[in-house]
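Asker: Below: one structure in structure tokens.
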Amino acid sequence: MSKPRKLTHATEVVMSGFDGSGKVPALTVRDGKVYANSRDVAAFFEKRHDHVLRDIDNLLKNMDSPKLGSSMFAQSAAPDGQGVDRRTFDMTRDGFALLAMGFTGEKALAFKLRYIEQFNVMEDRLRNPTPAQIDLRDPSQLSRIAIQLIELNRELEGRAKRLEESVSATKPKAAFYDQFANADGLYCLQNAGRVLGQKPNKFVSWLKQGYLFYQGSALVPKAQFRDLGLFEVKATLVDDKARHQTYVTPRGITYFAKKLGVAPPEDLFCPSEAAE
């Protein structure tokens, strides 16, 4: 998992409300590019931020090209209300569009194409800071504008349709994995075994042979595998004592699928079984 990075030298640009509610998401202009942050997206759509992070993790996991995913989503860190840095994502126009197309509801539907359009407008303003004045009395200018608007509308409709189809194709798989993952998109050891088609206890025993060891009464990962992002360890208080529990990350699921020689996670979901 990539190390979170702090945002610096960023100029915040607040766009006008798109859905008539008066609420606005925030866009950030940095190095000549426009970004939206996952916390602002969660707030605007009235969603829990950890659910938005989970949706982004699922999108990245299901992309054929990691390079494509990293070009759309960049993990960053931002302080919460208590000043503690929390994981967030900055996303490009296309990354936002891909994420938002998976949201449902009237507000999301009205917002999708409008937000994509506003990203285009913002980028156009960055490329052309002093645009030429339009002469509304010039028929040739008005004709060109009308043609451009028609072409832009067709392009946006086509892009929206392709993104809707892409997200619809991943929803059954996401629903399958959601029943095993916690709110952070992590899998307890036994559920990780279930996702990989293994007997849970047998899978945990297999992990003990090379990946996990006991630290007191807690089963924790060896440092090199934790550093690879295969595991995360969460601490909770039980009877005023800290208890540690080890989870497998989405990256760990993919890694262990290869080690076990089983089908990649995206191929484990069977629609016919879901129908039953």
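Bear in mind these aren't lab numbers, they're just calculated from the coordinates by the rules spelled out. Nothing here was measured: the structure is a model prediction, and the numbers come from that model. Here the Cβ is made from the backbone with ideal geometry for all residues, glycine too, and neighbour counts use every protein chain on show.
Asker: What ranking do Val52, Val84 get, fewest neighbouring Cβ atoms within 10 angstrom at the top?
Answerer: Fewest-to-most ranking of Val52, Val84: Val84, Val52.
Asker: Of the listed pairs Lys61/Lys208; Lys208/Lys259; Lys67/Lys222, which have alpha-carbon separations greater than 19 Å here? Let's see the in-between values first.
Answerer: Working: Lys61/Lys208 26 Å; Lys208/Lys259 14 Å; Lys67/Lys222 28 Å.
Result: Lys61/Lys208; Lys67/Lys222 exceed 19 Å.
Asker: Which loop GluC sites (Glu not before Pro) in segment 45-129, with loop taken from DSSP, have no more than 13 other Cβ atoms within 10 angstrom of their Cβ?
Answerer: Glu46
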